[in-house]
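Each remark here refers to the structure printed beneath this line.
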Amino acid sequence: MKRLPKILGAVAVCVILPLVALRITGFEPHDRTPGLWLKGNLVSTPVADWTFANQYPTVKLQTDAWYLLPHSVTINFIAYNGQLYLASFYPEGVQYPHGRSWNENVARNPHVRIKIGDALYDRTLSYVADPAEKAGMLEAFGKKYPELKIPANVHVLRVAG
């Protein structure tokens, strides 16, 4: 019985120490590889016009995963009519929000952290259901990313604030 506390202690150290190290370093996403925490300078003021963000090719998005750790990804976006939009492409036959971990996380909890350059923004995402708003955003998105083929099954999320 004296071995059980030692084993449990060793397991706890092997799990907790790497998580603490990753929390300190951030372990951000890279290209198509997801990460954990985002690091940067937190901006708490409201943003009236997100157009400044279009100078960046991508943003990083941190969501809260069901397993109590953050899940962050690099994602394409567009600032359109002053609003910030994220697009999520889906293959035919896959139902939103399934198939993308970050979409499932947002469906469960829409509060996210977005990294643009070195700035972090804590915001809320909302699903865009209006066909006119979605069409306008996708047209602007296509101009920003002319190399991307936008599939028919695309879902759009708007950043609040």
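Quick note: the coordinates plus some simple rules give every number you see, no bench work behind them. Please read these numbers as outputs of a predicted model, since none were measured by experiment. For neighbour counting, all protein chains shown are included, and Cβ atoms are generated from backbone atoms with ideal geometry for every residue, glycine included.
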Taking Phe89, Phe77 and counting other C-beta atoms within 10 Å, the order from fewest to most: Phe89, Phe77
Exposure rule at most 10 other beta-carbon atoms within 10 Å, DSSP loop GluC sites (Glu not before Pro): the chain longest free segment: 1-91
Count of lysine pairs in the range 3-160 with Cα separation under 19 Å (8 or more residues apart, or interchain): 8
Convex hull volume of the range 3-160 per residue (C-alpha atoms, cubic angstrom): 133 Å³
Fraction of beta bridges assigned by DSSP in the chain that are antiparallel (%, nearest 5): 90 percent
About the Cα centre, charge dipole magnitude for the range 88-148 (Lys/Arg +1, Asp/Glu -1 at Cβ), debye: 180 debye
The range 126-156: trypsin sites (Lys or Arg not before Pro) in DSSP loop, at most 10 other beta carbons within 10 Å: Lys149
The chain, dipole about Cα centre (Lys/Arg Cβ +1, Asp/Glu Cβ -1), debye to the nearest 20: 760 debye
Karplus 3J(HN,Hα) series, Hz, for the range 133-149 with 6.51 cos²θ - 1.76 cosθ + 1.60 (x for Gly, Pro): 5, 4, 5, x, 5, 5, 5, 5, 4, x, 6, 6, 10, x, 6, 8, 9
Selected from Ala132, Ala79, Ala65 as most flexible by GNM, with the chain as the system and alpha-carbon contacts under 10 Å: Ala132
Angle between the chain longest axis and helix 3-25 axis [Cα atoms, degrees, rounded to 10]: 30 degrees
Phi-based couplings in Hz for the range 98-108 (Karplus 6.51, -1.76, 1.60; Gly and Pro marked x): 5, x, 10, 4, 5, 5, 5, 5, 5, 4, 7
